[in-house]
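Have a look at the structure below before the remarks.
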Amino acid sequence: MPQYFGQLHTNEAPWSILGAVQGIQQDERHILFKCGDACLRVSVLASNLIRVRMTATGEFLTRRSWAVAQADEQWSIVPFEVREKAEAIEITTEQLCIVVSRNPCRIQCFDSAGQPFAQDADLGMGWRTGAVAGWKQIEADEHFYGFGEPTGLLDQRSKVRTNWTSDALDYGIMTDSMYQTIPFFIALRPGLGYGFFFNTTFWSRFDLGAEQPGVWRMETQGSELDYYIIYGPEPAKILQTYTQLTGQMPLPPRWALGYHQCRWSYESQDVVRKLADEFRQRYIPCDVIHLDIDYMNGYRVFTWSPKRFAHPQELIKELQQDGFKVVTIVDPGVKYEPEADYKVFDEGLKNDYFIRNTNGQLFHGYVWPDKAVFPDFLRPEVQSWWESWQNSLTDIGVAGIWNDMNEPALDDRPFGDPGNKVSFPLDALQGPTDEKTTHAETHNLYGLMMAQASYQAAKKSRPTERSFILTRSGYAGIQRWSAVWTGDNQSLWEHLEMSLPMLCNLGLSGVGFVGADIGGFAGNATAELFARWMQVGILYPLMRGHSALTTAQHEPWVFGDRIEKICREYIELRYQLLPYIYTLFWQAATTGSPILRPLLYDFPNDPKTHTLADQVMLGSSILAAPIYRPGVEHRAVYLPEGCWYDWWSGDTFTGPTHILAHATLERMPLYVRAGAIIPMAPVMQYTDERPVDQMRLRIWRGKGEFTLYEDDGHTFEYQTGAFCTTTYQVITQGQQTIVEISAREGNFAPATREIIVELVGVDEQRFIDDGTAQQLIFNNSQ
Ligand code: GLC
């Protein structure tokens with residue numbers, strides 16, 4: 001175990017427990033309960049959102065929260081009523097009732113039907129030296145999701161989830177701390193769901209009934225208990241409010257939704273050029289090539305290898321002409337190199353931007369460039385300085401930045417030796433002068449702050465262009481700055497399977513733009529695994545293939561003709577689906593809805609979906625049931641209530657039902673709901689190869705509606721109204737199906753195009769889209 005973890009969690013002294021309410025004070029937003037020296041404060045921020053804080057000393061910290069985007073005073077005042085009764089005080093909003101019992105002081109919440117949730121268990125709230133905790137009841141049939149990127153299956157009930165960002169190298173189903181720390185979850189049972197955000201950046205932990213079945217416990221090494229409860233009851237409502245609280249993701253450029261190819265490493269500019277040619281010659285669509293650490297000179301961040309990448313600007317230009325964007329990896333560890341004219345180090349040292357030990361000496365660890373020092377990204381001046389260096393990449397045309405190793409990952413001896421992963425000393429000071437605090441409080445923020453610096457740098461360097469930032473580590477709110485990938489997975493069937501619940505849980509943690517390395521990072525994929533993984537990869541919001549140094553090559557063509565054909569067909573399908581997927585990104589950016597999601601998101605009242613981890617939905621219309629075992633060509637598929645169509649054959653099924661899907665290696669089972677409307681673009685070799693001159697609306701009989709979102713795909717003009725939406729509705733009545741297309745709304749005019757309305761299995765009709773309303777009538781028996 002890394003040495004610091006021992007220090008983090010050794011105190012087993014008995015808890016002091018919050019006692020009786022002795023006095024109450026109230027203002028327009030807060031209700032304060034005095035309980036001896038301790039006190040509890042309930043703040044009503046919205047009719048479905050309350051914040052609860054408890055402190056043993058009676059003094060609340062006055063500092064801002066590092067993660068919350070909308071502070072208490074930024075929520076508009078909502079009405080609530082406080083009723084003082086003999087046993088308890090009742091706080092009622094339009095949607096909830098919060099009951100605080102007087103003796104002992106405990107909290108319970110009720111929905112408008114009187115169903116309890118988030119109820120304190122016997123112990124309620126407590127503290128001991130260096131830690132605070134709270135205990136709550138687990139209701140019958142309650143399940144727990146979110147927590148960032150937990151490994152294992154979807155539901156985390158009866159697990160322990162530790163919130164401490166870690167380089168989770170070699171992770172598996174039992175791994176606890178991961179790269180991302182998101183102390184947020186959704187608790188769901190039929191008819192009732194609520195969100196819970198534990199507002200602490202210190203080491204914290206959720207025990208979801210592992211120690212005591214029926215009770216879940218939160219604990220943090222911060223000095224006060226501070227949490228938000230978000231009433232749903234649906235996950236969609238919870239995520240909408242949660243992303244209002246922690247921030248919404250900006251729309252990425254459309255090219256970032258295409259296929260990304262990565263490897264550690266494409267080691268020279270010639271290799272990169274050849275790779276790009278290979279894609280174009282084989283007609284396999286691809287938008288992005290990632291450059292891993294070997295583009296640098298001796299792993300010095302913000303340098304280029306003079307031998308292998310002698311002319312990066314020319315390379316990037318040539319690739320651009322061929323429709324490729326370049327993303328470069330950026331690690332936080334700056335090579336410790338005094339008197340070597342390495343400017344990044346020299347400037348950082350001169351301006352005192354690197355983190356120091358409490359004795360004043362520079363803290364160092366060992367990473368790729370060997371001995372390295374680490375910028376304190378919490379300080380605005382360090383962020384600006386980092387921005388200026390990052391601009392040295394974007395100024396020569398680098399289109400996106402991939403932030404890695406920012407947990408931060410480091411060893412206590414030369415990297416590559418059997419090292420010992422360490423964390424910074426917990427007492428090392430970080431942050432701006434007036435907000436200095438210890439690493440114990442800021443550890444979980446390192447990746448978040450680096451991503452913020454990176455996003456802001458990209459925006460400053462190209463103010464009108466959207467950027468693509470990718471990060472391995474982050475904290476709650478990371479969706480504001482960056483996409484996330486699930487780090488170093490392995491080329492194993494189990495990891496293919498686990499990518500679905502991991503990405504779904506990220507989506508349920510408010511992080512929409514997520515992906516796992518297709519083919520697996522460590523190890524060698526078999527041809528069959530690679531084909532199945534590429535199929536699943538089209539569902540990942542971030543679709544990136546990647547593989548590690550010393551592993552076999554993992555490009556789409558290396559496994560022979562049959563696999564290449566499968567890869568091409570599925571990557572093409574991804575590109576065809578881009579109008580649909582781009583609209584899902586817009587939904588995610590405006591409502592917090594996950595792009596890739598578990599079935600429980602759309603069917604929260606169907607208990608069968610609550611533990612279903614091996615099927616997913618891409619938006620609310622497409623259901624996928626991937627194959628994730630070798631040699632398997634059949635699998636059971638659960639179709640919830642409603643009528644469903646097989647994407648490939650058009651066969652219909654009436655849910656709720658289980659079916660046996662047949663899936664040769666060429667087929668990933670895909671289904672659509674009756675009434676689904678899926679806009680599809682022509683295949684292109686990269687997203688902006690040409691304007692969409694023809695759009696196919698695939699429509700399945702039934703009743704449904706879809707609002708397509710469009711804008712220029714790369715600037716920020718959508719933020720000032722340059723976008724448009726078109727609402728399509730379908731209804732089948734007797735022998736007729738009617739498709740209504742509303743007039744286009746908004747200030748953006750897409751290129752002139754032909755629309756083909758395909759009523760699947762029936763017929764198709766075409767028209768030239770001039771943005772006016774249309775009605776098309778199909779005779780179902782045609
Ligand atoms: C880390 C990253 C991986 C990258 C490698 C080399 O292991 O997670 O994606 O390829 O470092 O930079």
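The values are calculated or read from the model by the stated rules, or taken from the named source; none is laboratory data. Just so it is clear, the model here is predicted, and its values are computed rather than measured. FYI the Cβ positions are ideal-geometry reconstructions off the backbone, even for glycines, and counts take in every protein chain you see. For accessibility, only protein heavy atoms count, side chains too; no ligands or nucleic acids. Shrake-Rupley method; radii C 1.70, N 1.55, O 1.52, S 1.80 Å.
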Which of (1) open to solvent by less than 10 Å² (accessible area, probe 1.4 Å); (2) not in a helix (DSSP H, G or I) does A256 not meet, given it meets every other one? (2)
Take the residues in the stretch 266-314 that are touching a residue at least 60 places away in the same chain (Cβ under 8 Å), of a type in the set (D, E, K, R) and within 29 Å of I571 (Cα to Cα), then tell me which one is surrounded by the most Cβ atoms within 10 Å (Cβ to Cβ). D287
I'm checking my understanding of the structure. Among residues of the stretch 390-415 that are more than 20 Å from D517 (Cα to Cα) and part of a strand (DSSP E or B), which one is farthest from the ligand (Cβ to nearest atom)? D411
Picked from the stretch 663-706 (must be among the polar types (S, T, N, Q) and open to solvent by 40 Å² or more (accessible area, probe 1.4 Å)), the residue farthest from Q736 (Cα to Cα) is T664
Could you please give the count of residues in the stretch 313-369 that are in a strand (DSSP E or B), more than 16 Å from the ligand (Cβ to nearest atom) and out of contact with any helix residue (DSSP H, G or I) (no Cβ under 6 Å at 6 or more places or on another chain)? 2
Of the conditions (1) within 18 Å of the chain's Cα centre (by Cα); (2) open to solvent by 40 Å² or more (accessible area, probe 1.4 Å), the single one that K159 does not satisfy is (1)
For the stretch 733-763, enumerate the residues that are in contact with an Asp or Glu (Cβ under 9 Å, 6 or more places away or on another chain), assigned to a strand (DSSP E or B), in contact (Cβ under 8 Å) with a residue 60 or more places away in the chain and not β-branched (V, I, T). R753, E754, E758
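Wholly within the stretch 19-112, which strands (runs of 3 or more DSSP E) include no fewer than the required count, namely at least 1 residues that are outside the structural domain of Y228 (by TED's automatic domain parsing) and more than 33 Å from the chain's Cα centre (by Cα)?
On the way: elements: 23-26, 30-35, 38-46, 49-55, 81-84, 88-92, 97-101, 106-110.
Result: empty, no element qualifies.
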Return the residue satisfying two criteria in turn: it lies in the stretch 632-648 and is among the charged types (D, E, K, R) and either touching a Pro at 6+ places or on another chain (Cβ under 7 Å) or buried (at least 16 other Cβ atoms within 10 Å of the Cβ) (or both), and of such residues it is farthest from M249 (Cα to Cα). R635
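Can you name every residue in the stretch 286-312 that is β-branched (V, I, T) and within 12 Å of the ligand (Cβ to nearest atom)? Reasoning before the result, please.
So in the stretch 286-312, the residues β-branched (V, I, T) come out as 288-289, 293, 301, 303.
Scanning the stretch 286-312 gives I293, V301.
Please list, ordered by residue number, the strands (runs of 3 or more DSSP E) wholly in the stretch 643-732 having 1 or more residues that are modelled with pLDDT of 95 or more and under 25 Å from F585 (Cβ atoms).
Details: elements: 652-662, 670-673, 677-680, 694-699, 704-711.
Passing ranges, in order: 670-673, 677-680, 694-699, 704-711.
Could you check, for the stretch 575-596, whether at least one of its residues is more than 25 Å from the chain's Cα centre (by Cα) and at pLDDT 95 or above?
The initial filter retains those residues of the stretch 575-596 that are more than 25 Å from the chain's Cα centre (by Cα), namely none.
Within the stretch 575-596, none of the residues are more than 25 Å from the chain's Cα centre (by Cα) and at pLDDT 95 or above.
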For the stretch 58-110, name all the residues that are open to solvent by 90 Å² or more (accessible area, probe 1.4 Å), modelled with pLDDT under 95 and under 24 Å from R128 (Cβ atoms). E59, T62
Please specify each residue of the stretch 180-225 satisfying the condition of being of a type in the set (D, E) and buried (at least 23 other Cβ atoms within 10 Å of the Cβ). E219
Among (1) in contact with a Gly (Cβ under 6 Å, 6 or more places away or on another chain); (2) open to solvent by less than 30 Å² (accessible area, probe 1.4 Å), which single condition is G134 missing? (1)
Tell me which residues, restricted to the stretch 598-631, are out of contact with any Pro (no Cβ under 8 Å at 6 or more places or on another chain) and in a strand (DSSP E or B). L618, I622, L623
In the stretch 587-620, how many residues are surrounded by fewer than 20 Cβ atoms within 10 Å (Cβ to Cβ) and under 30 Å from D712 (Cβ atoms)? 4
